[in-house]
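For reference, the structure discussed in these notes is given below.
What follows is calculated from the coordinates using simple rules that are stated; it is not laboratory data. Just so you know, these numbers come straight off a predicted model, no measurement behind them. Cβ coordinates were reconstructed from backbone atoms using ideal geometry, including for glycine residues, and neighbour counts include every protein chain displayed.
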Amino acid sequence: MQTVLTLPTRGPGLYEFTDQAAVFLRGQGDGLLTLFCQHTSASLTIQENADPDVIRDLNAFFERLVPDADHPQMSFLRHRAEGPDDMPAHIKSALTQVNLSIPVQSGRMMLGTWQGIYLFEHRNAPHTRRVIAHFRED
């Protein structure tokens with residue numbers, strides 16, 4: 001069983017979609033949920049969803065780690081087809097992951113107490129991102 005989760009973004013940052021994944025799994029049994037991001041400038045992560053400072057700090061870290069291409073330390077970048085955030089978004093995506101596997105028991109994801117599923121948007125402009133959710137029952 002699979003579906004496409006459509007996730008709107010407003011620019012760089014982490015967008016939690018744990019609830020959407022949970023709705024997809026309702027009524028299912030035991031198995032494995034696989035999530036796949038169909039974009040090369042966004043990624044997926046499981047992170048703490050209790051303290052908003054975690055999300056703020058992750059955003060700040062990645063901005064410092066890989067600034068836009070117009071920053072002096074990024075002058076070596078050649079790919080700028082869609083603007084100064086284009087290649088840095090691809091780098092951030094390469095450093096993270098585009099797929100996740102989550103065990104499911106009785107239709108519920110076996111996430112830890114403070115864990116949530118996030119789309120990590122790496123582009124400056126708003127986008128509509130697509131994540132394929134696939135559930136395979138044991």
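Once you have the alpha carbon radius of gyration of the chain, what is it after dividing by 2.2 N^0.38 Å, with N set to its residue count?
Rounded to two decimals, the normalised Rg is 1.12.
Taking 0.36 nm per intervening residue step and subtracting the Cα-Cα distance, what contour gain separates Glu82 from Ala50 on full extension? Please report the intermediate quantities before stating the final value.
Values: separation 32, 0.36 × 32 = 11.52 nm, distance 3.47 nm.
This chain segment gains 8.1 nm when fully extended.
Can you put Val4, Val54 in order, fewest other beta carbons within 10 Å first? Before the final figure, lay out each step's value.
Working: Val4 10, Val54 15.
Sorted ascending by nearby Cβ count, the order is Val4, Val54.
I'd like the trypsin sites (Lys or Arg not before Pro) in region 1-104 restricted to DSSP loop residues with at most 16 other Cβ atoms within 10 Å, sorted by number.
Within region 1-104, the qualifying trypsin sites (Lys or Arg not before Pro) (loop, at most 16 other Cβ atoms within 10 Å) are Arg10, Arg26, Arg78, Arg80.
Using alpha carbons only, how many degrees (0 to 90, rounded to 10) separate the axis of helix 52-65 from the longest principal axis of the chain?
Around 40 degrees separate the two axes.
Just rank Phe76, Phe36, Phe24, fewest to most, by other beta-carbon atoms within 10 angstrom.
On the way: Phe76 7, Phe36 15, Phe24 19.
The order, fewest Cβ neighbours first, is Phe76, Phe36, Phe24.
Helix 86-95: angle to the longest alpha-carbon principal axis of the chain, degrees 0 to 90, nearest 10?
50 degrees
Sticking with the crude label model, points 7 Å out along Cα→Cβ, report the distance from Ser75 to Asn99 in nm, one decimal please.
Once both label points are built, they end up 4.0 nm from each other.
Quick one: Karplus J couplings for region 108-114, per residue in order, coefficients 6.51, -1.76, 1.60, θ = phi - 60°, nearest Hz, x for Gly and Pro?
10, 5, 8, 6, x, 3, 10
Going 7 Å from the Cα of Met109 along its beta-carbon direction, which residues of region 41-68 have the amide nitrogen within less than 12 Å of the resulting point?
It comes to 44-49, nothing else.
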